[in-house]
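Shown next, in structure tokens, is the structure this report addresses.
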Amino acid sequence: MASRPKILGWGPYGDFKGWLRGLVITVVAATFLAFAGAFTSARVGLPVRLAYWLGLMLVGWLWGGFISRAFFNRVGGPRSLWLRVLASSLALAIPYSVVVGVTTRLVLHASFDQPQDLIYLVASVVAVTTAMVTINVLVARQTDGLTQASSEPPKFLDRLPLKLRGAEVWAVEAEDHYLRLHTSKGQHLILMRLSDAIAELEGIEGAQVHRSWWVARQAIAEAVRGDGRATLTLTDGAEVPVSRTYARLLRQRGWI
């Protein structure tokens, strides 16, 4: 039987691809902020602004990677994804405000002598870090085929036929242009793309494990690894192959 998962969530920097993705987002965001002259940085020339924002954002990218692991890839903390986003953003922003304050004083010659100046500084850092964490999380969810549990029912349930209404969705399997739904009340074929189905399955904890399969975490009865490959056995007895593309992500989540 599959062991109890050691990882309750996932981080936007979960693997090398995640770190690289975060780096690209960071550089794009820093360039945008520099050209926009955001947060009073317009008082200096563009080359200095670019150096200022790239330096700050790259340090934030490194710090954010460790914060991400602490809040998304470990047991404990809020179970809600968006509470983890908020908590990690605050944990990143509060100490990082010191770095931003010192750098801003040196490069932009800003002063923080008044309480309102410090409040503005911290609020600005919180706003930027929350935006960056949110962007990274949203991009990670789209590219990694992950879905998270929530109190809101997934939109995909509206697509179930009457005979399957109220059923638990265990897996979705792509067959040519159709999807085979594996549920607690049986199977059914619908005309839909797998990527579109995964987007509508948000609200059920699950993941894409193969180019043709998405599975719900609670539907996995057994996980077997061997010869560098893994196979999941679902509650209904279906055997699901795990491709190498997704195997590392599932290992990080404690699924296999």
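The values are calculated or read from the model by the stated rules, or taken from the named source; none is laboratory data. Because the structure is predicted, anything quoted here is derived from the model rather than measured. Using ideal geometry, Cβ is built from the backbone for each residue, glycine included, and neighbour counts are taken over all protein chains shown.
Restricting Ala42, Ala34 to residues that are in a helix (DSSP H, G or I), in the same structural domain as Arg105 (by TED's automatic domain parsing) and either of a type in the set (D, E, K, R) or surrounded by 15 or more Cβ atoms within 10 Å (Cβ to Cβ) (or both) narrows the list to Ala34. The combined condition, being surrounded by 14 or more Cβ atoms within 10 Å (Cβ to Cβ), modelled with pLDDT under 90 and not in a helix (DSSP H, G or I), is not fulfilled by Gly64. Residues that are charged (D, E, K, R), surrounded by 17 or more Cβ atoms within 10 Å (Cβ to Cβ) and closer than 13 Å to Leu234 by Cα within the range 166-216 comprise just one, Glu173. Could you list, in sequence order, the residues of the range 70-89 that are exposed (fewer than 15 other Cβ atoms within 10 Å of the Cβ) and either modelled with pLDDT of 90 or more or not small (Gly, Ala, Ser) (or both)? Across the range 70-89, the qualifying residues are Arg74, Val75, Arg79, Trp82, Leu83. Among strands (runs of 3 or more DSSP E) lying entirely in the range 132-220, which contain 1 or more residues that are at pLDDT below 90? In the range 132-220, the matching strands (runs of 3 or more DSSP E) lie at 206-210. Between Val209, Val139, Val125, which is in contact with a helix residue (DSSP H, G or I) (Cβ under 6 Å, 6 or more places away or on another chain), under 30 Å from Leu58 (Cβ atoms) and among the hydrophobic types (A, V, I, L, M, F, W, C)? Val125 is the lone residue from the list that is in contact with a helix residue (DSSP H, G or I) (Cβ under 6 Å, 6 or more places away or on another chain), under 30 Å from Leu58 (Cβ atoms) and among the hydrophobic types (A, V, I, L, M, F, W, C).
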